[in-house]
Amino acid sequence: MIRTYEDLIKLNKDTIEAATSATQVLAKGFEDISKEAVAFSSKSMDGAVAASKQLGACKTPADFTNVQTKLVKDNWDAAVAQSKKMVELSNGVLKSAMEPMQVQTKAVLEGFARA
């Protein structure tokens, strides 16, 4: 409970520290997410180059259709897996970022409950 000016200062200091910590976690998490997105984009571009070579090497329309069907399936599977990975990464970042604020909120509420 806030009884003195010092209590108010400590509450504000702790809240600012929690917000700063959460912001640092978010910044690092967004950096990791960005790196993952760039890596996937690079991998996708490499795959597109390889796919164009495979399609160019086809001798018959049937071969072309078979290769194209496999490429579409593989690309779909990769996109779904990457989406899942990005969601898990994003959720982890948000949970980690919210932790300092949850701890501070709990401490404030417990302080009021004791009053």
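Yes or no, residue by residue, for (1) within 13 Å of the chain's Cα centre (by Cα); (2) among the polar types (S, T, N, Q):
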residue	(1), (2)
A18	no, no
N66	no, yes
V80	no, no
S83	yes, yes
N91	yes, yes
A97	yes, no
M101	no, no
Name the pairs whose Cβ atoms lie under 9 Å apart, with the first residue in the stretch 73-101 and free of Cβ contacts under 8 Å to residues at least 40 places away in the same chain, the second among the β-branched types (V, I, T) and not in a helix (DSSP H, G or I), and 6 or more positions between them or separate chains?
none
Quick check on the stretch 29-46: of everything there that is more than 10 Å from the chain's Cα centre (by Cα) and surrounded by 13 or more Cβ atoms within 10 Å (Cβ to Cβ), which residue is farthest from K85 (Cα to Cα)?
S44
Looking at the stretch 64-115, which of its residues are outside any helix (DSSP H, G or I) and modelled with pLDDT of 95 or more?
none
I'm checking my understanding of the structure. Among residues of the stretch 29-46 that are in contact with a helix residue (DSSP H, G or I) (Cβ under 9 Å, 6 or more places away or on another chain) and without any contact (Cβ under 8 Å) to a residue 60 or more places away in the chain, which one is nearest to E99 (Cα to Cα)?
E36
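The values are calculated or read from the model by the stated rules, or taken from the named source; none is laboratory data. Predicted model, so just to flag it, every value in this text is computed and none were measured. Positions of Cβ are generated from backbone atoms using ideal geometry, with glycine treated the same way; all protein chains shown enter the neighbour counts.
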